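Before any comments, here is the structure.
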Amino acid sequence: MKKNKFIDVYDLSPMQEGMLFHSLYEASHAYFQQITMELKGHFEVVVFENAINSIIAKYDIFRTVFLHERLSKPRQVVLAERKLKVDYKDFTDLTEVEQRKQIESFKQQDKERGFDLSKDLLMRFTVIQTQADRYFLIWSFHHILMDGWSLGIVMNELFQLYQQMIHNQSPYVGKAVSYSKYIRWLAEQDREKAHNYWKTYLKDYSEAVGIPRLTSHASGRYTLKERRFIIDAKLTKDVIELARSLHVTPNIVFQTIWGILLQKYNQTDDVVFGSVVSGRPSVIPQVEKMVGLFINTVPVRVQRKRGDTFAELATRAQEILLSSEPYSYLSLADIQSETELGHHLINHLFVFENYPIQDSLRNDAALDQYGFQVLGIEAFEQTNYDLNVTVFPGEEFLVKVTFNAEVYADQMIENVVRHLKQILSQVVCNPDLPVEQIDLLSEEEKQQLLFRFNETRMDYPREKTIHALFEEQVEKTPDQIAV
């Protein structure tokens, strides 16, 4: 980083502090994000570079570096100016197979390169041309800069600017509200009151829960795998209608279902898992237009009372979510400090979020508007958690499970999603079904169990629970079909 005048200095948000810690002290790709878009049409690299530099000039977070050495606490420093150079690569002379190989190789090298948070411009763009009218746009950035909501804002503005520039229109950039307003709002909050809220919320919770693991895992390695599952259009519509009828959000429907699944897996009526909140306080003017990292990880507790129906559990979850919102700014480390379990409180995340790509970039009209259209988009992201379940809304809900294959067996992930769908299909048909009567197994699976094992007898240790025996079997035969 060349000498550059700085224009502001301020603290980090709780989430930024956590990401900085993991980036500095863990040799992994945690919080490195990479979006790859396949484009059809004509793409002007120089025009795009001008557009992205206009975005960098507008939003101070893109001119920010994060310093920690010889400081009492980390600080983010906003520089007056930063310029980005879009990297262009021409692969048109290569065969399609070689192109794919070279693109994947480049993407992996880009991940390995990572970012130096203390001096780098914390995002990169690379354009790879494969045919006269085919391109791959690869956008890499560190999650410490922005959340998914912000990504949507930036992506929309970026391509609007590009459109204006290629049509020789005067680009309108506008003035942004500084991310520092949010940081300074955080500093004004009553942290003691927030500590007391979470201490009460998590009172008497003393046993961590989760999905059965490969218990022999001790390598410390992280082998990232991903599974994607579609919830069909009919079931998606049923979920939305269920949420409407219960006066809750689809997010609450899914959170409650996940809580029930954990209760069934762990044979308990009280579970806690991690969730991500938007973290945008409505008291800050134009907060919905601000770009930065506002999200925060907070615990979600799902407690079942005897006789509770799904509808009752979901309605209560909505009420609790609303009561938690005023205190959702407190760092997860601070929240965990109020519990018996400490940093063992949460071992995975369940997230409901909107996908940022605008539909207008995908349709045929995009060729006239932008000169290109997006044929496909994929995203790489990795957290410091071994299991992350993300639900994306749409005409069909998409459930994306990213997991550490050193910790979780593929078949276990398949089972989890199948059981998630099974619970969904039951509660949309009968939201007043008592939770105790919700079954993880479908009728077909029950019949398989009956006929396959009807004449089979086997001794098993009476002192062990079915859950414990199940975990042992997963460890012995992780890739075997469970039912």
**Report entry** Residue-count net charge about ALA233 - beta-carbon cut-off 9 Å; Lys, Arg +1, Asp, Glu -1
**Finding:** -1
Query raised in the report: Which ³J(HN,Hα) values, rounded to whole Hz and listed in residue order, are derived for segment 423-433 from phi using the Karplus coefficients 6.51, -1.76 and 1.60 in 6.51 cos²θ - 1.76 cosθ + 1.60 with θ = phi - 60°, glycine and proline given as x?
Result: 5, 4, 5, 6, 6, 6, 6, 8, x, 8, 5
Report summary line: Taking a ≥ b ≥ c as the square roots of the Cα gyration tensor eigenvalues, with a/c under 1.5 meaning rounded and otherwise prolate when a/b beats b/c or oblate if not, segment 253-329 comes out prolate
Report task. Scan (1) 224; (2) 203; (3) 182 for the value of volume of the Cα convex hull per residue in Å³ calculated from this model and give just the label. Result -> (3)
Query - Cα-based equivalent ellipsoid, segment 201-268: semi-axes from gyration tensor eigenvalues, Å - result: 30, 20, 10
Report summary line: Filtering GluC sites (Glu not before Pro) in segment 36-104 by DSSP loop and by at most 13 other Cβ atoms within 10 Å leaves GLU69, GLU81
Query raised in the report: What's the extension gain from SER118 to ARG221 if we count 0.36 nm per residue and subtract their Cα-Cα distance?
Result: 34.5 nm
Query raised in the report: In nm, what is the difference between 0.36 nm times the number of residues separating GLU192 and GLU319 and their Cα-Cα distance?
Result: 43.5 nm
Query raised in the report: Within a Cβ distance under 15 Å of GLN33, other residues only, what is the Lys/Arg minus Asp/Glu net charge?
Result: -3
Report summary line: For LYS119, the residues 5 or more places away or on another chain with a placed amide H closer than 5 Å to its own amide H are PHE66
Query raised in the report: How large is ³J(HN,Hα), in whole Hz, for each residue of segment 87-94 in order, when computed from phi with the Karplus curve 6.51 cos²θ - 1.76 cosθ + 1.60 and θ = phi - 60°, using x for Gly and Pro?
Result: 7, 10, 10, 9, 10, 5, 7, 8
Query raised in the report: Under a no-solvent Debye model with one identical scatterer per Cα of segment 6-184, what's log10 I(q)/I(0) at q = 0.11 Å⁻¹?
Result: -0.53
Query raised in the report: By how many degrees, between 0 and 90 and to the nearest 10, does the Cα long axis of helix 148-166 differ from the longest principal axis of the chain?
Result: 30
Requested in this report: Counting helices only, and only those DSSP H runs with n ≥ 4, report the 222 nm mean residue ellipticity of the chain as the sum of -39,500 (n - 2.57) divided by its residues, in deg cm²/dmol to the nearest 500.
Outcome: -11500 deg cm²/dmol
Requested in this report: Place the peptides 259-271, 376-388, 282-294 in order of packing, highest mean first, counting for every residue the other Cβ atoms within 10 Å and averaging per peptide.
Outcome: 259-271, 376-388, 282-294
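The numbers here are math on the coordinates, done by the rules we state, and not lab data. Remember, predicted model here, so these are calculated numbers, not experimental data. Using ideal geometry, Cβ is built from the backbone for each residue, glycine included, and neighbour counts are taken over all protein chains shown.
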